[in-house]
Amino acid sequence: MTVHVIVNPLAGRGAGERLLPQLRSLFGKASHVEFTPTRAAGDEQRLAQAAVSREARTIMVVGGDGTCSGVANAILAANAPCRIGVFPCGTGNDFAKTLGVADYEPEEIMSLMQHKTPSVIDVGFAEGRYFLNSCGFGFDASVLEASQKVRFLKGDAVYIYAALGQLFAYNGIEVSANGAAGVESGRMLMVTVSNGRWLGGAFKIAPHASVLDGRLNACFFGDSNVVERARLFVGALRGTHLGMRAVSSASVQQLALTFAKPPSIEMDGELLTARSTTVELKCVPRALSVVAAPGALV
């Protein structure tokens, strides 16, 4: 059974490329392993589509959340009986945190791939794409855009630095929600709709989210003054923001968000622009087979 290893050499400021020799050594000269690098944005989806068409049963990603998301979209679009795993080397590695392998050594992840029974998780769907971790609107998308200009930091520090830079400058967005009970429409600092718990590596944005419950966790951050924004920032880092006055949340199977104009969206670490002023999101239960650490999935 062939294992396809899709490598993003640019992930994590070149960490993907630096990890590749170690992985080649670990896999040895096994004839059932194929390594293929991405060379441009979107390549991971094309390479995964090709692997699936050759009846791939395992695709391992060497990269971050964006690469994992592209590969997962290819698997899900084909409805293929193929599992996905990750050797994490991206900036935030939110998906790797969900799978419990963010701090695993490559040898440990290989052992999971070879010996552990695959698990099956929920995914989200919006704007014609599946997402593994989250969709973010407002401040979240603004932070992602700003983080792409940060060249002197790595890992979680990239998002923290970018978020601090945007914290007091971002103006907020007008949002109305249909499908989230108890949530009032109005001016928001940010809206996140999460499948996993983590966002941007450092922020435990949806501490009660589960990839096994058939639902998404929607979190609405009301716009507020400078002091309250600072408190929200610290709370989101700790995962304690849900108890704050400006924050409301809801567990939803599907949700529609309406904005004054087509919003920017952070989706699994990638920046998109919505096709219209209303964005519809839903959970697709037990859709994707994954290689996860024992006890990691909740």
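Some observations on this one:
- Residues that are among the basic types (K, R) and either assigned to a loop (DSSP other than H, G, I, E, B) or on the phi > 0 side of the Ramachandran plot (or both) within region 98-147 comprise just one, K116.
- The residues of region 27-63 that are assigned to a strand (DSSP E or B) and surrounded by fewer than 20 Cβ atoms within 10 Å (Cβ to Cβ), listed by number, are V33, E34, F35, T36, P37.
- Positions within region 82-97 being buried (at least 24 other Cβ atoms within 10 Å of the Cβ) and in a loop (DSSP other than H, G, I, E, B), in sequence order: C89, G90, T91, G92, N93
- Just one of the numbered conditions (1) within 16 Å of the chain's Cα centre (by Cα); (2) more than 17 Å from E280 (Cα to Cα); (3) buried (at least 24 other Cβ atoms within 10 Å of the Cβ) is not true of V193: (2).
- In region 253-263, residue farthest from the chain's Cα centre (by Cα) [restricted to those that are assigned to a strand (DSSP E or B) and surrounded by fewer than 20 Cβ atoms within 10 Å (Cβ to Cβ)]: T258
- Residue match in region 153-169 (condition: in contact with a helix residue (DSSP H, G or I) (Cβ under 7 Å, 6 or more places away or on another chain) and of a type in the set (S, T, N, Q)): yes
- Residue among V298, V290, V252 that is under 22 Å from A126 (Cβ atoms) and outside the structural domain of G172 (by TED's automatic domain parsing): V290
- Within region 212-244, the set of residues being touching a Ser or Thr at 6+ places or on another chain (Cβ under 6 Å) and within 19 Å of F95 (Cβ to Cβ) comprises R215, N217, C219.
- Test: residue in region 69-81 that is surrounded by 23 or more Cβ atoms within 10 Å (Cβ to Cβ) and at pLDDT below 95: no
The values are calculated or read from the model by the stated rules, or taken from the named source; none is laboratory data. The structure displayed is predicted, hence computed values, not measured ones. All Cβ positions, even for glycine, are placed from backbone atoms using ideal geometry, and neighbour counts span all protein chains on display.
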